[in-house]
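What follows is a set of notes on a single structure, which appears directly below.
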Amino acid sequence: MSLKKAYEQYFKIGTSVSRFDLKSDKAREELKKHYSSMTAENDMKPMFFVDKEASQADPEKYNLQPVMTYDTARPYLEFAKANGIALRGHTLAWHNQTPIWFFKESFQDDFEAPWASKETMIARLEWYIKNVLNFVQTEYPGVIYAWDVVNEAVEEQDELGWRQRSPWYKTVGPEFVMHAFRFARKYAAPEVKLFYNDYNTFNPFKRDFILENIVKPLMAEKLIDGIGMQTHLVIKEFDHDLEQYAVALEKYGATGLEVQSTELDIHCADPSEEGMQKLAEAYKKLFELYVNAKKTGKANVTCVTFWGMKDDVSWLTGFRRERSYPLLFGDNWEEKEAYRAVVKVAEEA
């Protein structure tokens, strides 16, 4: 049974997709078979929507309105449209993979150059969000069903909570989050859902900070529809983290907002039969949690997205600096024990 078929009565099943996946016949086949939602892994992040050369050619003219380009995003939109797969937009405002020149006076590509003024950056933010949303909604209406409006604005190690190293924080301050959601709500089609997305959202400090300083103010202005829990987990810490994760899922669910697992993987460096059985058991527990939350009304889980389609393309091997086997499918698309465990949860629910 396909993943999307198994969970169709509960929530969408999604995956991240790379430009290489879109060029692979086998990957496209698996994408159509198993997933009802997809997210561009990298190619719809800000660095791919802003045109450096054109903006720098006349920085005075384009100061508040950087030149935009959409070619990198089109293949994902075309594929999703042609195959009836819902697309998550990822991401509008993020400190990472947004080029430094975007935040600088005269678009100078230099870390030492002066930051653009707060007023300038708010204008650039609105221009960026307006144009990206207008592009996808004009040329591909109905394809994108949700956007991660702001990504990773909170730093769990920072006693102030906010990610102060972020160029958005440095230029605009923490209110950039409110501005981004106001602009997104202003320009998004009525049916498009707006999410705040972050990692380690189960960490108690980070969880409570997000609820109080991001979710609460956004809900007061009716600007947010959902919370994205990235869900990058580690097999060695899984049982401890799952306890905190269950508490966080219920607390986010209590807001009445949608909750999505947006970037799911479980780092596991042991490819042995025992290691893969541990991975399967972890996925079993996690999906039991999602289904139970949905069935009992503790959290309105609307999508679970895996971050990668098979083990050998996972970002975790590079990030963790050791080979990772974190997903449901092996290097050659073989169904792992974890895949069977996830499907079984749905069958027995």
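The values are calculated or read from the model by the stated rules, or taken from the named source; none is laboratory data. From a predicted model like this one, the values you see are computed outputs, not experimental measurements. Glycine gets a Cβ as well: all are built from the backbone with ideal geometry, and neighbour counts include every protein chain shown. Just so you know, the surface numbers come from the protein's heavy atoms only, side chains and all, with ligands and any DNA or RNA stripped out. Shrake-Rupley method; radii C 1.70, N 1.55, O 1.52, S 1.80 Å.
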| remark: Restricted to segment 155-207 and to residues being of a type in the set (S, T, N, Q) and without any contact (Cβ under 8 Å) to a residue 60 or more places away in the chain, the residue nearest to L249 (Cα to Cα) is T201
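For every residue, the table says whether it meets (1) in contact with a Phe, Trp or Tyr (Cβ under 7 Å, 6 or more places away or on another chain); (2) more than 29 Å from L316 (Cβ to Cβ); (3) open to solvent by 40 Å² or more (accessible area, probe 1.4 Å).
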| site | (1), (2), (3) |
| --- | --- |
| R182 | no, yes, yes |
| K193 | yes, no, yes |
| N197 | no, no, no |
| T201 | no, no, no |
| R207 | no, no, no |
| K222 | no, yes, yes |
| V234 | no, no, no |
| E243 | no, no, yes |
| Output for segment 100-112, where each listed residue is open to solvent by 30 Å² or more (accessible area, probe 1.4 Å) and either at pLDDT 95 or above or under 13 Å from Q56 (Cα atoms) (or both) | E105, S106, Q108, D109, D110, E112
| query | If you take the residues in segment 57-77 that are in contact (Cβ under 8 Å) with a residue 60 or more places away in the chain and outside any loop (DSSP other than H, G, I, E, B), which one is least open to solvent (accessible area, probe 1.4 Å)? | reply | L77
| task | Take segment 253-279 and flag every residue that is assigned to a helix (DSSP H, G or I) and either surrounded by 21 or more Cβ atoms within 10 Å (Cβ to Cβ) or in contact with a Ser or Thr (Cβ under 7 Å, 6 or more places away or on another chain) (or both). | result | L279
| request: Could you tell me which residue of segment 316-339 is farthest from the chain's Cα centre (by Cα), considering only residues that are over 18 Å from L31 (Cβ atoms) and buried (at least 17 other Cβ atoms within 10 Å of the Cβ)? | output: E337
| note | Checked pairs for segment 125-149, first open to solvent by less than 10 Å² (accessible area, probe 1.4 Å), second among the charged types (D, E, K, R) and in a strand (DSSP E or B), C-beta under 6 Å and 6 or more apart or across chains, list as A146/R88; A146/K193
| request: Among residues belonging to segment 296-315 that are among the polar types (S, T, N, Q) and under 22 Å from V259 (Cα atoms), point out the one that is nearest to the chain's Cα centre (by Cα). | output: T305
| note | The residue that is nearest to E263 (Cα to Cα), considering only those in segment 32-56 that are open to solvent by less than 10 Å² (accessible area, probe 1.4 Å) and out of contact with any Ser or Thr (no Cβ under 7 Å at 6 or more places or on another chain), is A40
| request: Mind telling me which of the residues I144, I85 ends up being under 30 Å from L31 (Cα atoms) and in contact with a helix residue (DSSP H, G or I) (Cβ under 6 Å, 6 or more places away or on another chain)? | output: I144
| request: List the number of the failed condition for V313; all other conditions in (1) out of contact with any Pro (no Cβ under 6 Å at 6 or more places or on another chain); (2) more than 18 Å from H34 (Cα to Cα) hold. | output: (2)
| K206 versus (1) in a helix (DSSP H, G or I); (2) more than 20 Å from E263 (Cβ to Cβ); (3) not β-branched (V, I, T): which is the lone unmet condition? | (2)
